[in-house]
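Following: one structure in structure tokens, then a few remarks.
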Amino acid sequence: MMNSLLKRQIRKYLPKDLQENKDLEAFLDAVNRSYNTSDDQFSMLQRATAISSEELYEASEKLKNEMDSQKEVIQKLKKIINTLKFSELEDNEFLENPTSLSLVDFIDNQAKEIIKINKQKDKLLRDLEQQNRELSDYTHMISHDLVSPLQSIEVLTHWLKDDYGDVIGKEGNEQIDSISDHVEKIDTLVAAIRRYSRISNSDKEFYKLNLNNLVNDILIELKLIDTVDIKIPRELPMVQGDKYSLKELFLNLIDNSLKFNDKENKCIEIGFEDKDPFWKFYIKDNGKGIEEKYFEKVFIAFSKLENDYKSAGMGLSIVKKIIDVYEGEIWIESELNIGTTFCFTLKK
């Protein structure tokens, strides 16, 4: 059926004799189809335009988001570059030209440098681990091989003194005593080196330990005299660790507090604080004290502040190595002639 609006307009302008002409019907039908086709095409064009507009809007929003994302990445890269204090590119260059190839090249070069440095670092670490293993094996072998000859020398000196003491006289006996003293010194040094080499963070099994029992065993072993006053909390914390290392740690610090204490009435105080995720311990004495310039030196192997031939100078270096294994820290608070406090942390 002809479109009503079109039919009305045509009939309005046609003479009455033509309005009923059958030949004209074919013409009017063609006009009507053309009108409908045009109307359909216009509707389709409208729909197509609407779809294209939506797609264009979505594409525009996507592009806008990508640009915002790129700007955010560039800002982060700027912060990283500024933090690393690189000055090869101007600050405003990134903002003026966010797609600048100079930025890409710069980051690419820096990434390559970082990879190169990391490879070098990994190689150094592998070499260092290998050297440490070889040194540890060598130390263990040498110290083990020294023990037997030292024991033989010690036995022989006693035999000489017992069997020929009267023959060699006073001066000869003094020489034998000197040999025994030197053997004892070497034996002390070898024993300290062996203890030091045994401390390692590899293949270490940690388990719960009662520090009260461990410290009490140490005090019994040291055979303290009555003039030593020891203050210990009623309950020291349970810790995760191995008995050998922790005994070495507390034994060396307590023994150090006794050895370098010139007071008639010696006083040692042991305490702790919960500094999650660490335990903080302290061992305080009323001894000679340590000058601040020696605070770091005392932890170096074989370092001694006093010429004590019976000391190997390894006690505090053993302490430092144990604390490193436990991922803790150690530091000194001291006043001359007042006393020293060794503070240290152990990771729980």
Is it the case, given these coordinates, that Leu224 is at pLDDT below 90 and either assigned to a helix (DSSP H, G or I) or open to solvent by less than 60 Å² (accessible area, probe 1.4 Å) (or both)?
yes
In segment 338-348, anything open to solvent by 80 Å² or more (accessible area, probe 1.4 Å) and modelled with pLDDT of 90 or more is listed as Ile338
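Select, from Ile300, Ile254, the only residue that is aliphatic (A, V, I, L, M), at pLDDT 90 or above and either more than 19 Å from Ile232 (Cα to Cα) or open to solvent by less than 40 Å² (accessible area, probe 1.4 Å) (or both).
Values: Ile300 fails: at pLDDT 90 or above.
Exactly one of Ile300, Ile254 is aliphatic (A, V, I, L, M), at pLDDT 90 or above and either more than 19 Å from Ile232 (Cα to Cα) or open to solvent by less than 40 Å² (accessible area, probe 1.4 Å) (or both), namely Ile254.
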query = of a type outside the set (A, V, I, L, M), loosely packed, with under 13 Cβ neighbours inside 10 Å and assigned to a helix (DSSP H, G or I) - does that describe any residue in segment 318-325?
reply = no
Restricting segment 229-251 to residues that are among the basic types (Lys, Arg) and more than 28 Å from the chain's Cα centre (by Cα), the one modelled with the lowest pLDDT turns out to be Arg234
Check: Gly315: surrounded by 14 or more Cβ atoms within 10 Å (Cβ to Cβ) and either acidic (Asp, Glu) or over 21 Å from Arg198 (Cβ atoms) (or both), yes or no?
Finding: no
inquiry  = Take Glu235 and tell me if it is touching a residue at least 12 places away in the same chain (Cβ under 8 Å), open to solvent by 60 Å² or more (accessible area, probe 1.4 Å) and over 18 Å from Tyr282 (Cβ atoms).
reply    = no
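State all residues of segment 189-221 that are part of a helix (DSSP H, G or I) and without any contact (Cβ under 8 Å) to a residue 40 or more places away in the chain; if no residue qualifies, say none.
The first filter runs over segment 189-221 and keeps only residues part of a helix (DSSP H, G or I), leaving 189-198, 211-221.
Matches in segment 189-221: Leu211, Asn212, Asn213, Leu214, Asn216, Asp217, Ile218, Leu219, Ile220, Glu221.
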* Asked: Is it fair to say Ile268 is open to solvent by less than 20 Å² (accessible area, probe 1.4 Å) and farther than 19 Å from Phe206 by Cβ?
  -> yes
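Take Asp187 and tell me if it is open to solvent by 100 Å² or more (accessible area, probe 1.4 Å), over 25 Å from Lys275 (Cα atoms), charged (D, E, K, R) and within 51 Å of the chain's Cα centre (by Cα).
Working: open to solvent by 100 Å² or more (accessible area, probe 1.4 Å): no; over 25 Å from Lys275 (Cα atoms): yes; charged (D, E, K, R): yes; within 51 Å of the chain's Cα centre (by Cα): yes.
So Asp187 does not fit the description; no.
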Residue pairs within 6 Å by beta carbon, gap of at least six or interchain, first lying in segment 317-334 and at positive phi and free of Cβ contacts under 8 Å to residues at least 40 places away in the same chain, second open to solvent by 10 Å² or more (accessible area, probe 1.4 Å) and of a type in the set (D, E, K, R), listed first then second, are Glu327/Lys347
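Looking at segment 155-170, which of its residues are at negative phi and either open to solvent by less than 80 Å² (accessible area, probe 1.4 Å) or under 60 Å from the mean Cα position of the chain (by Cα) (or both)?
Scanning segment 155-170 gives Val155, Leu156, Thr157, His158, Trp159, Leu160, Lys161, Asp162, Gly165, Ile168.
The values are calculated or read from the model by the stated rules, or taken from the named source; none is laboratory data. Treat the numbers as computed from the prediction; the structure is a model and nothing was measured. A quick note on method: Cβ atoms are made from the backbone with ideal geometry, for glycine too, and the neighbour counts reach across all protein chains shown. Just the protein is used for accessible areas: all its heavy atoms, side chains included, with ligands, DNA and RNA removed. Shrake-Rupley method; radii C 1.70, N 1.55, O 1.52, S 1.80 Å.
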